[in-house]
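Remarks on the structure that follows.
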Amino acid sequence: MLSEELIDRIIDEAFEVLSAIGLQFEHPKALALLGEHGQRIDKGAERAFLSRDFVERAIQSAPKRFQIWNVAGDASIEVGGDNVTYDPGSAAIKVLEVDGTTRASTSSDYVRLARLVQHLPNIRAASTSLVPTDVPNEVSDFFRLYLAVQNCNKPVITGLFREESFPAMLEIMTIVRGSEKEAAEKPMAIFDACPSSPLRWSVLTSESIMQCARHNLPSEIISVPLTGATGPVTISGTLVVHTAENLAGIALAQAVRPGAPVVYGGAPCLMDMRAGQTPFGALETSMIDCAYAQIGKRFGLPIHSYMGLSDSKLVDAQAGYETGIGVVLAALAGVNIVSGVGILDFITCQSLEKLVIDNELCGMAYRLIDGIKHRHETMALDFLPEAVKQGHFLGHPTTLKLFREESYMPGRVVDRASAPRGGGGPSDYQRAQAIVKDLLAKEPFRLAEDKVRELDRVVLREAREFGMDALPAFAG
């Protein structure tokens, strides 16, 4: 997407922004910490001016790869290199019903989503991707994590809307792991940290970065400059703002603890000046994402992006082509954590049926990046004579051995059968409805009862302050 020369120029301009314009850090402790590391601070303007040398040392100390573990702690995903992991985007506030209407999301919806993700093999990470409206807002952060670890045995992408939530979330992960030491050694969650473009780090975002760094929990920087709105109108200019905001977050994390895991990421977007909207399904948005993936990889850092989602309001052709383009481009760009599958309507709506369809798109993308291999043990000349004699390769031992490896075998949401007499048949959305029903009827993932009781205790203790005196029946 970018020439090597343009990457150099964007990076140089970002370093100039960091040192000459600086970034606003609203958190006094973040400002003080950067000052202790020799950076120029303007306390009155809450501004830190970061030298290139300081930031480059931070880049060097940040891990280029790290492991994120499942809830059980017996399997992990490597984040880094060109490894690709898809997770449901966050944080939607409504769900799409099968009749095309939407409604506010509830805790029950989140449980269904988490249980569905458990059974979708190509969605390799979970996320706290629905905000339940049936619990107090102040409870939402730790309550979603509480539901996540009980209903899906996959690593979790999560985050904070309130800095006060972190201690309870840390306690939840500590209970699941058995000790704070094990929670740090086998982190099960990546925490999103969202700077406010242009060039501002809030108290919440700075606190999230600093807390995660202290406890060896990976942070994922979600920089969101919008072309012509909170970023320059040019894509290259927006990339300069995005680069500067990411590098500032990496520098803060490394100032807390060298070696703290950080993901270079974001959700920058084209600003649609006609509609006043931020279309995440726009081609230019995907171009920005692929471009900053190149920049992050120049630094050798793990990459995150919001891709594989749609701005459509229904699971229709628009949802298909916007999602498909994003899923494939993210895979080809080597984005490590790809958030967005299952999402509609400018990241506000989650669809279980779309998630089932997107699972197949992700499977196809994995097959694409696996590429074409020359199998020396099955040279064509070795079995061509026999096949020519038979007139076909069907039933040949090599065919039977390798056909599942050579081709991705989609589930029944993809229709490759001959049309019935008279044509027609169910749509992919209708097939997805049936699959959602079947998967949710499967045995769910269950956490050990003693850990569930401890989690109940923590959540109720924290939630009572906000008027929540009982857990929903399904979660207790």
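The values are calculated or read from the model by the stated rules, or taken from the named source; none is laboratory data. Quantities reported herein were computed from a predicted structural model and do not represent experimental measurements. No Cβ is skipped: glycine too gets one built from the backbone with ideal geometry, and neighbour counts run over all protein chains shown. Accessible surface areas use protein heavy atoms only, side chains included; no ligands, DNA or RNA. Shrake-Rupley method; radii C 1.70, N 1.55, O 1.52, S 1.80 Å.
How much accessible area per residue does the chain have, in Å², with a 1.4 Å probe?
It amounts to 42 Å² per residue over the chain.
Taking θ as phi - 60° and the Karplus parameters 6.51, -1.76 and 1.60, the scalar couplings of segment 43-58 work out to 4, x, 8, 6, 10, 10, 10, 9, 6, 4, 4, 4, 5, 5, 5, 5 Hz in sequence order, x denoting glycine and proline.
The GluC sites (Glu not before Pro) of segment 1-85 meeting both criteria, a DSSP state outside H, G, I, E and B (loop) and at most 16 other C-beta atoms within 10 angstrom of the site's C-beta, are Glu26. Taking amide H as placed 1.01 Å from N in the peptide plane, Gly231 has its amide H under 5 Å from the amide H of Leu226, each at least 5 places away in sequence or on another chain. Once the other residues with Cβ under 11 Å from the Cβ of Ser305 are scored (Lys, Arg +1; Asp, Glu -1), what is the net sum? Summing Lys/Arg as +1 and Asp/Glu as -1 gives -2. Think of each Lys and Arg Cβ as +1 and each Asp and Glu Cβ as -1; about the Cα centre, that makes the dipole of the chain roughly 740 debye. Segment Ser427..Glu449, full-extension length gain: 3.8 nm, with 0.36 nm per residue of separation and the alpha-carbon distance subtracted. Under a 5 Å amide H cut-off, with hydrogens placed 1.01 Å from N, Val263 pairs with Ser219, Glu220, Ile221 among residues at least 5 apart or on other chains.
Ranked by the mean number of other Cβ atoms within 10 Å per residue, highest first, peptides 405-415, 315-325 order as 315-325, 405-415.
For a straight C-alpha distance cut-off of 21 angstrom, the lysines reachable from Lys442 (same-chain residues fewer than eight places away being disregarded) are Lys154, Lys354. Between Asn153, Asn359, Ala417, the Cα set farthest toward the positive side of the dipole of the chain (charges on each charged residue's Cβ, about the Cα centre) is that of Ala417. Since only Ile295, Ser310, Leu381 are under comparison, the one whose Cα sits farthest along the positive direction of the charge dipole of segment 288-403, derived from C-beta charges on Lys, Arg, Asp and Glu, is Leu381. Each residue of segment 324-337 is assigned a 3J(HN,Hα), and the resulting list reads x, 4, x, 4, 6, 4, 4, 5, 5, 7, x, 5, 6, 10 Hz, derived from the Karplus form 6.51 cos²θ - 1.76 cosθ + 1.60 (θ = phi - 60°), x at Gly and Pro. Ligands, DNA and RNA left out, the 1.4 Å accessible surface of the chain is 54% carbon and sulfur atoms. Highest average first, the peptides 361-374, 161-174 ordered by how many other beta carbon atoms sit within 10 Å of their residues are 161-174, 361-374. Distant-in-sequence amide contacts of Ser196, defined by a placed amide H-H separation under 5 Å and a gap of 5 or more residues or a different chain, comprise Trp201, Ser202. With a threshold of 18 Å on the Cα-Cα distance, the over-threshold entries among Lys94/Lys313; Lys64/Lys297; Lys29/Lys64 are Lys29/Lys64. Compute the label zone of Ser236 within segment 282-319: residues whose backbone N is under 20 Å from the point 7 Å along Cα-to-Cβ. Flagged as within label range: 284-299.
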